[in-house]
Amino acid sequence: MDGAQARILEAKGRKPTLRLVWQADAQTRGLSGRGLTSDRPGRTFDRHGKGRHTKQPPTDQQRYAKFVFARELAAKLRIAFRRHRFDRLILAAPPQTMGDLRASLPHDVANSIDAEILKDLVHVPVRDLPSYLAAR
């Protein structure tokens with residue numbers, strides 16, 4: 001997964017081939033940080049003097065949307081784990097997204113992680129993924 005897209009693939013059998021099971025895009029994909037908020041930022045006066053400036057929002061809306069997307073994927077993995085849909089899990093995501101995902105995973109799902117790949121492989125075709133996963 002990355003901050004805007006996620007894929008779940010499975011491999012079964014002795015000579016496993018990857019098969020796409022699920023794919024999703026974040027609803028906020030392609031929006032700028034401003035497009036995620038409903039209003040213009042407020043304005044305030046300088047502490048000293050007559051100047052005015054724009055207030056910064058407390059959180060970056062785009063960053064928060066990526067965190068929520070990672071949390072949603074973690075919930076999907078939790079459900080699949082509890083339904084015994086997988087034995088081992090290999091996660092691939094850029095470092096920041098991996099951190100969001102790890103923080104959202106329950107302990108039982110986190111314990112089933114066999115390997116982590118700190119790369120964005122969302123745009124790599126499924127047929128080319130085995131070369132990234134071969135060592136794992």
Looking at segment 90-100, which of its residues are out of contact with any strand residue (DSSP E or B) (no Cβ under 7 Å at 6 or more places or on another chain), within 11 Å of residue 1 (Cβ to Cβ) and in a helix (DSSP H, G or I)? 97, 100
Just one of 87, 120 is under 15 Å from residue 6 (Cβ atoms), charged (D, E, K, R) and in contact (Cβ under 8 Å) with a residue 12 or more places away in the chain; which is it? 120
Any hit, segment 23-37, residues being at pLDDT 75 or above, in contact with a helix residue (DSSP H, G or I) (Cβ under 7 Å, 6 or more places away or on another chain) and assigned to a strand (DSSP E or B): no
Looking only at segment 112-136, filter to residues that are β-branched (Val, Ile, Thr) and assigned to a loop (DSSP other than H, G, I, E, B); which one of those is nearest to residue 67 (Cα to Cα)? 122
State whether the residues of segment 61-82 include one that is surrounded by fewer than 17 Cβ atoms within 10 Å (Cβ to Cβ), in contact with a Lys or Arg (Cβ under 8 Å, 6 or more places away or on another chain) and closer than 19 Å to residue 10 by Cα. no
Name the single residue that is nearest to the chain's Cα centre (by Cα) among those in segment 121-136 being modelled with pLDDT of 90 or more and loosely packed, with under 12 Cβ neighbours inside 10 Å. 123
In segment 101-111, anything surrounded by 14 or more Cβ atoms within 10 Å (Cβ to Cβ) and outside any helix (DSSP H, G or I) is listed as 105
For residue 65: the one exception among (1) in a helix (DSSP H, G or I); (2) at pLDDT 95 or above; (3) not charged (D, E, K, R): (2)
Enumeration of residues in segment 1-18 that are surrounded by 11 or more Cβ atoms within 10 Å (Cβ to Cβ), closer than 16 Å to residue 131 by Cα and not hydrophobic (A, V, I, L, M, F, W, C): 10, 16, 17
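The values are calculated or read from the model by the stated rules, or taken from the named source; none is laboratory data. Bear in mind the structure is a predicted one, so any value in this text is a computation, not a measurement. For neighbour counting, all protein chains shown are included, and Cβ atoms are generated from backbone atoms with ideal geometry for every residue, glycine included.
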